[in-house]
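The values are calculated or read from the model by the stated rules, or taken from the named source; none is laboratory data. As the structure is a computational prediction, the values presented were derived from the model and not from experiment. All Cβ positions, even for glycine, are placed from backbone atoms using ideal geometry, and neighbour counts span all protein chains on display. Side chains are part of the model used for accessible areas, which takes the heavy atoms of the whole protein and leaves out ligands, DNA and RNA. Shrake-Rupley method; radii C 1.70, N 1.55, O 1.52, S 1.80 Å.
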Amino acid sequence: MGFTGFGEYAIDFYDGLVADNSKPYWNANVETYRRDVRGPMEALLAELADEFSDLGEPKVFRPYRDVRFAKDKTPYKAHCGGVIEAGRGGGACYVEVGPAGLRAGGGCFHLAADQLARFRQAVDTDVHGRALERILADLRGQGWEIAGETLKTRPRGVPADHPRLELLRHRRLYAIHTWEPDDTLHEPECLDRVRRAWRQVRALNEWARDHVGVSERPRR
């Protein structure tokens, strides 16, 4: 079936999960998750897969948290995320539904060591660094938030007066836009909202694809 919007109880499901992040709550409401959240997310990605196939394959993230090394042992993610990407870090079209509403984004949500080295090498050059600055300025002008983990100090070997020092501090770099829960979330027009957003971050994703790429290190 085509995408017709997220289900009526998608936000209610996650509001309840935030209040009671437990296996009993999950088991009692898993059909709501499948019908109102997971199924629509799969349909949304399927609708967008052809246009954004150059960036990779569609994937819905698993709902379970990796708690092996986390202080927070709650078992379930408080949102459902989907992505089209070739591999982590090298550019991604991201979408998420949860208590905050709908989120869409693009960029480098994760950078392995080899990817971070290539990112900084590209930012350091005038041609590619300035191109990234222009892309980010355009996104800010369209209402996007530019985010990502940064170092508190400058990277080793980078002079204090580098013209793109703030960009070089980034360990991740992505753009994100959020729409609070509204009627559009539950309607077919939600697809158009995500499509427009992903088109706006295409330049950022293409920059990441061309200058960062997929990690060359095998994942453990």
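Quick notes
- Of all accessible heavy-atom area on the range 123-220, the percent that carbon and sulfur account for (1.4 Å): 44
- Average Cα contact separation per residue, the range 1-160, under 8 Å, 6 or more apart, as relative contact order %: 16
- Compared with the direct C-alpha span, the chain from D210 to L165 gains 14.1 nm at full extension, assuming 0.36 nm per residue.
- Extension gain (nm, one decimal) between R65 and T150, 0.36 nm per residue minus Cα-Cα: 28.2 nm
- Counting charges near E96 (Lys, Arg +1; Asp, Glu -1) among other residues having Cβ under 11 Å from its Cβ returns a value of +2.
- Solvent-accessible area assigned to carbon and sulfur over the range 1-58 amounts to 48 percent, based on a 1.4 Å probe.
- Distance histogram for the range 1-153 (every C-alpha pair counted, 5 angstrom bins, percent rounded to whole numbers): 2, 8, 14, 17, 18, 16, 12, 8, 4, 2, 0, 0
- Residue-averaged 222 nm ellipticity for the chain, from DSSP H runs of 4+ at -39500 (n - 2.57), nearest 500: -11500 deg cm²/dmol
- Local electrostatic count, H79, Cβ distance below 13 Å [Lys/Arg +1, Asp/Glu -1]: +3
- Near L48, once Lys and Arg are set to +1 and Asp and Glu to -1 for all other residues with Cβ below 13 Å from its Cβ, the sum equals -2.
- Relative protection proxy for 161-169, 64-72, 128-136, 89-97, from highest mean packing down: 89-97, 128-136, 161-169, 64-72 (other beta-carbon atoms within 10 angstrom).
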